[in-house]
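Written out below as structure tokens is the structure these notes cover.
The values are calculated or read from the model by the stated rules, or taken from the named source; none is laboratory data. None of the values given here were measured: they were computed from a predicted structure. Backbone-built Cβ (ideal geometry, glycine too); neighbour counts: all protein chains shown.
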Number of protein chains: 2
Amino acid sequence: MANNERLQRMRRAMEAERIDALVLRLPENVLLLSGYWPMIGAAVLVFPREGTPTCINAHCYEAEASLSLWEAEVMHYRYGVLGAVERAEALRRILLGISQAHSWRRIGYEERFHTVAPSWNAAEMLIPACETRELLSSIFEGSQLIDVSVLIEEQRTRKTAFEAEKLRIASEVSCLGLAAFEKSVRVGASGVELAAEVEREIMARGTGYKSALRVRAFAQVAVGAEESAVGYRPNEISTTRKLRKGDVALLELGVVADGYWADRTRLRVAGTPTEEQSRIFEVVRQAQQSAVAAIREGVTGAQVDEAARSVIRAAGLADCFPHITGHGLGFRYHESAPILSPDSSQKLEEGMLTSVEPGVYEQRFGGFRLEDDVLVTRKGAEVLGPFRMALA
Amino acid sequence: MANNERLQRMRRAMEAERIDALVLRLPENVLLLSGYWPMIGAAVLVFPREGTPTCINAHCYEAEASLSLWEAEVMHYRYGVLGAVERAEALRRILLGISQAHSWRRIGYEERFHTVAPSWNAAEMLIPACETRELLSSIFEGSQLIDVSVLIEEQRTRKTAFEAEKLRIASEVSCLGLAAFEKSVRVGASGVELAAEVEREIMARGTGYKSALRVRAFAQVAVGAEESAVGYRPNEISTTRKLRKGDVALLELGVVADGYWADRTRLRVAGTPTEEQSRIFEVVRQAQQSAVAAIREGVTGAQVDEAARSVIRAAGLADCFPHITGHGLGFRYHESAPILSPDSSQKLEEGMLTSVEPGVYEQRFGGFRLEDDVLVTRKGAEVLGPFRMALA
């Protein structure tokens with residue numbers, strides 16, 4: 001079942017910009033318009049405004065691609081075997097044939113994507129460097145190459161019903177990791193042990209969940225006040241520091257299921273929380289829930305941010321909340337819109353997905369953050385993959 | 001302790017090309033010339049031919065960078081906090097100051113790297129897209145921008161003693177995963193469960209091994225004849241298929257420790273191997289060891305490939321070995337040199353690191369491959385992180 005709403009919206013956007021076809025290489029965009037999340041980033045999607053898309057792929061991933069690819073012509077080049085033509089040359093030949101069969105005048109490609117999601121094989125990334133521009137220039141001679149990075153990022157901001165369901169699955173899978181974290185936090189466990197256990201649980205139990213084919217987690221656990229106090233950073237850093245009695249453990253968790261992302265944070269204490277820990281946790285929990293409650297069509301990012309920030313301010317902790325309340329996500333761990341920040345005038349729209357993750361950080365008591373992903377719906381907001389928030 | 005041999009060799013190469021300074025953004029190259037493996041790929045290294053390098057980094061990673069950064073001037077921009085200037089603008093301002101303090105005429109940068117290693121945070125990648133060229137053009141006005149992608153890849157081909165020791169650690173860490181694999185292969189275990197367990201063990205036990213700070217594994221396990229028969233592909237794909245009695249399990253394992261990579265493959269059978277399985281395993285083992293024995297300075301990639309291929313050919317399995325015998329690695333999971341293939345006339349040199357990974361694949365009996373990483377030394381060859389090869 002294809003994501004027809006997505007295809008139609010993209011075609012309307014292409015029409016408005018008079019773009020005849022897109023040639024896409026980044027895994028996240030190949031997924032967006034073909035349903036297929038490439039194994040190693042070596043697939044190219046040619047998406048014409050009219051007619052059937054063409055997915056050019058390495059021959060050895062034919063079976064895997066067929067499990068999720070929507071209606072598309074499939075063309076293969078041989079890869080990873082003796083006698084195969086070099087990949088750039090193989091792509092050139094196939095694209096040349098496509099070029100000659102059409103008279104496209106304006107062709108969109110990804111010139112300015114500079115934050116990118118990994119392919120399934122996160123150990124290595126193929127990026128559209130200058131070769132891609134040169135390749136397309138030489139093939140589509142006489143055509144105009146248009147950078148569609150902003151257009152695609154904008155289109156991605158509002159998720160379709162099809163994508164919302166995929167994102168729900170990713171968030172539900174992330175709950176397996178949150179549960180494993182709860183279960184594993186104990187005196188003597190180290191940050192890397194906790195992170196590794198969360199990742200193991202998600203890959204082992206999440207693969208196959210609601211038919212998800214490829215599931216991977218990226219977990220980071222800061223342990224104790226000193227480590228978690230700098231947990232406002234875009235990533236915590238897990239170390240071999242072991243939990244002592246009364247320490248906090250702060251889990252930052254990115255999860256990808258078939259190319260769709262979830263971003264969660266939970267916090268636990270090893271042993272019995274102190275009164276101060278419980279008080280701060282409750283402030284952050286209320287801030288988080290206040291922001292979630294504020295989410296609906298038409299409100300600005302700043303209004304949602306303020307819903308969280310005002311709770312933290314009222315508790316006398318304003319100086320301890322140095323970051324924004326949330327960011328877009330979905331086809332990546334982080335997307336550029338919406339942004340829930342004090343100066344964001346962007347209005348939320350149906351289909352937007354945002355993290356909601358206020359936090360307070362202080363050397364003395366450590367870092368406290370809680371994070372869920374929230375979809376803007378017609379009725380208000382939906383927390384994807386709901387999961388309890390408890391300090392112990 | 002800095003990697004002075006590397007710094008001197010790079011400076012000589014820059015001199016030969018009359019390059020006054022390098023401006024590097026890719027994590028693998030920042031590591032190469034500074035010792036620091038960036039957390040999220042947001043660090044920039046300015047490496048002048050003469051004088052002290054400058055590492056520009058997000059302020060929040062100062063402590064982590066200081067653990068491994070060699071002699072360098074450190075400049076920070078604020079990141080991930082309210083009120084911070086947008087990153088591109090922050091970098092522009094700092095680079096402008098550096099530009100004005102020097103009169104560099106030829107500046108090298110990474111225009112054509114298109115296969116890249118992830119940063120520590122493998123969940124997201126910052127890539128030097130066209131902005132980087134534009135940024136550097138506007139800052140170093142009047143200077144010439146030189147693509148140094150090939151120069152750097154070539155320099156990286158021969159590892160220094162410092163790097164060999166780091167790569168040894170990565171390979172030794174990978175053995176923790178190979179041991180976990182041996183222990184975990186049993187009837188009823190699925191490919192994703194085995195892969196997840198190998199990754200867990202490496203992160204949990206490998207971090208801290210010989211002071212390694214950041215360790216992560218990317219494991220893939222093909223289960224049974226059908227899945228492993230296509231295991232010649234650049235990556236196997238782990239599924240929920242469970243091991244049945246007598247099934248093979250083929251582990252492909254990428255490991256990164258502080259930015260240095262290992263690439264291993266092992267094979268196990270759940271239960272007692274059949275005579276045929278044992279025979280094929282022994283052919284592949286002998287082919288692998290024959291190739292390792294052939295490695296020394298001055299031999300060509302083709303000669304090493306033939307050492308493995310001739311063993312497989314003699315066993316009547318020539319048609320079942322469709323791929324090359326090995327590839328370079330070290331700063332990535334895969335590097336472009338050396339290549340051990342039937343048509344590789346490149347001669348091995350001291351300091352080169354290559355995978356050695358012959359395999360045979362057939363629908364009926366499945367895929368059999370064994371892989372170690374081998375360093376070319378003055379005395380011949382050194383298998384990094386030696387580990388037994390046993391089918392059961």
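Points worth noting:
- Residue check for A:SER149: surrounded by fewer than 21 Cβ atoms within 10 Å (Cβ to Cβ), away from chain B (no Cβ under 14 Å), under 22 Å from A:ARG105 (Cβ atoms) and more than 16 Å from the chain's Cα centre (by Cα): no
- Reported count of residues in the stretch B:125-158, each being acidic (Asp, Glu) and under 30 Å from B:ARG296 (Cβ atoms), is 2.
- Scope the stretch B:255-290; condition farther than 12 Å from B:ARG369 by Cβ and among the acidic types (Asp, Glu); matching residues: B:ASP258, B:GLU275, B:GLU276, B:GLU282
- Going through (1) under 25 Å from B:ILE127 (Cα atoms); (2) part of a loop (DSSP other than H, G, I, E, B); (3) without any contact (Cβ under 8 Å) to a residue 40 or more places away in the chain one by one, A:GLY41 falls short only on (3).
- Within the stretch A:22-53, considering residues that are crowded, with 22+ Cβ neighbours inside 10 Å and among the charged types (D, E, K, R), the one nearest to A:ALA90 (Cα to Cα): A:ARG25
- From the list A:LEU178, A:LEU167, the lone residue that is crowded, with 20+ Cβ neighbours inside 10 Å, touching a residue at least 40 places away in the same chain (Cβ under 8 Å), more than 16 Å from A:TYR260 (Cβ to Cβ) and away from chain B (no Cβ under 14 Å) is A:LEU178.
- Residue, nearest to B:ARG332 (Cα to Cα), within the stretch B:95-124, restricted to residues that are of a type in the set (A, V, I, L, M, F, W, C) and more than 7 Å from chain A (Cβ to nearest Cβ): B:TRP120
- A:LEU340 vs. criteria at pLDDT 95 or above, within 29 Å of A:VAL116 (Cβ to Cβ) and of a type in the set (A, V, I, L, M): yes
- Per-region count, the stretch A:201-236, residues within 9 Å of chain B (Cβ to nearest Cβ) and more than 18 Å from A:GLY259 (Cα to Cα): 7
- Total residues in the stretch A:185-200, condition touching a helix residue (DSSP H, G or I) at 6+ places or on another chain (Cβ under 7 Å) and more than 11 Å from chain B (Cβ to nearest Cβ): 1
- So B:VAL173, is it part of a helix (DSSP H, G or I), within 14 Å of chain A (Cβ to nearest Cβ) and surrounded by fewer than 22 Cβ atoms within 10 Å (Cβ to Cβ): no
- Residue within the stretch B:136-151 that is within 30 Å of A:VAL256 (Cβ to Cβ) and in contact with a strand residue (DSSP E or B) (Cβ under 7 Å, 6 or more places away or on another chain) present: no
- Qualifying residue in the stretch A:214-228 (condition: within 19 Å of the chain's Cα centre (by Cα) and hydroxyl-bearing (Ser, Thr, Tyr)): no
- Here A:ALA225 meets each of (1) crowded, with 24+ Cβ neighbours inside 10 Å; (2) over 30 Å from B:LEU194 (Cβ atoms) with one exception, condition (1).
- Any hit, the stretch B:11-21, residues being modelled with pLDDT of 95 or more, surrounded by 23 or more Cβ atoms within 10 Å (Cβ to Cβ) and within 21 Å of B:ASP258 (Cα to Cα): no
- Scope the stretch A:273-290; condition under 18 Å from A:ARG388 (Cβ atoms), touching a residue at least 40 places away in the same chain (Cβ under 8 Å) and surrounded by fewer than 24 Cβ atoms within 10 Å (Cβ to Cβ); matching residues: A:PRO273, A:GLN277, A:SER278, A:PHE281, A:VAL283, A:ARG285
- Applying the condition of being of a type in the set (Val, Ile, Thr) and more than 18 Å from A:TYR361 (Cβ to Cβ) to the stretch A:246-289 and asking which residue is farthest from the chain's Cα centre (by Cα) yields A:THR272.
- In the stretch B:238-252, the residues that are at the interface with chain A (Cβ under 9 Å from one of its Cβ atoms) and surrounded by fewer than 24 Cβ atoms within 10 Å (Cβ to Cβ): B:THR239, B:THR240
- Enumeration of residues in the stretch A:231-262 that are assigned to a strand (DSSP E or B) and either of a type in the set (Val, Ile, Thr) or at pLDDT below 95 (or both): A:VAL248, A:VAL255, A:VAL256
- Spans of strands (runs of 3 or more DSSP E) in the stretch B:320-380 with at least 2 residues more than 14 Å from every other protein chain (Cβ to nearest Cβ) and touching a residue at least 60 places away in the same chain (Cβ under 8 Å): B:335-340, B:353-356, B:366-369, B:372-376
- Pick from the stretch B:54-93, criterion surrounded by fewer than 16 Cβ atoms within 10 Å (Cβ to Cβ), within 12 Å of another protein chain (Cβ to nearest Cβ) and under 27 Å from the mean Cα position of the chain (by Cα), ranking: farthest from A:THR115 (Cα to Cα): B:LEU67
- With respect to the conditions (1) under 21 Å from B:GLU154 (Cβ atoms); (2) under 20 Å from the mean Cα position of the chain (by Cα), B:PHE387 lacks only one, and its number is (1).
- As for the stretch B:299-306, it holds at least one residue that is farther than 30 Å from B:LEU31 by Cβ, in contact with an Asp or Glu (Cβ under 7 Å, 6 or more places away or on another chain), among the small types (Gly, Ala, Ser) and within 13 Å of chain A (Cβ to nearest Cβ).
- Condition check for B:VAL116: β-branched (Val, Ile, Thr), surrounded by fewer than 19 Cβ atoms within 10 Å (Cβ to Cβ) and either touching a residue at least 24 places away in the same chain (Cβ under 8 Å) or over 17 Å from B:GLY41 (Cβ atoms) (or both): no
- The set of residues in the stretch B:294-314 being under 18 Å from B:GLY380 (Cβ atoms), within 23 Å of the chain's Cα centre (by Cα) and in a helix (DSSP H, G or I) consists of B:ALA294, B:GLY301, B:VAL304, B:ASP305, B:ALA308.
Conditions (1) among the charged types (D, E, K, R); (2) closer than 24 Å to A:GLU50 by Cβ; (3) part of a loop (DSSP other than H, G, I, E, B), marked per residue:
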residue	(1), (2), (3)
A:TYR79	no, no, yes
A:SER103	no, yes, yes
A:GLY108	no, yes, no
A:ARG112	yes, no, yes
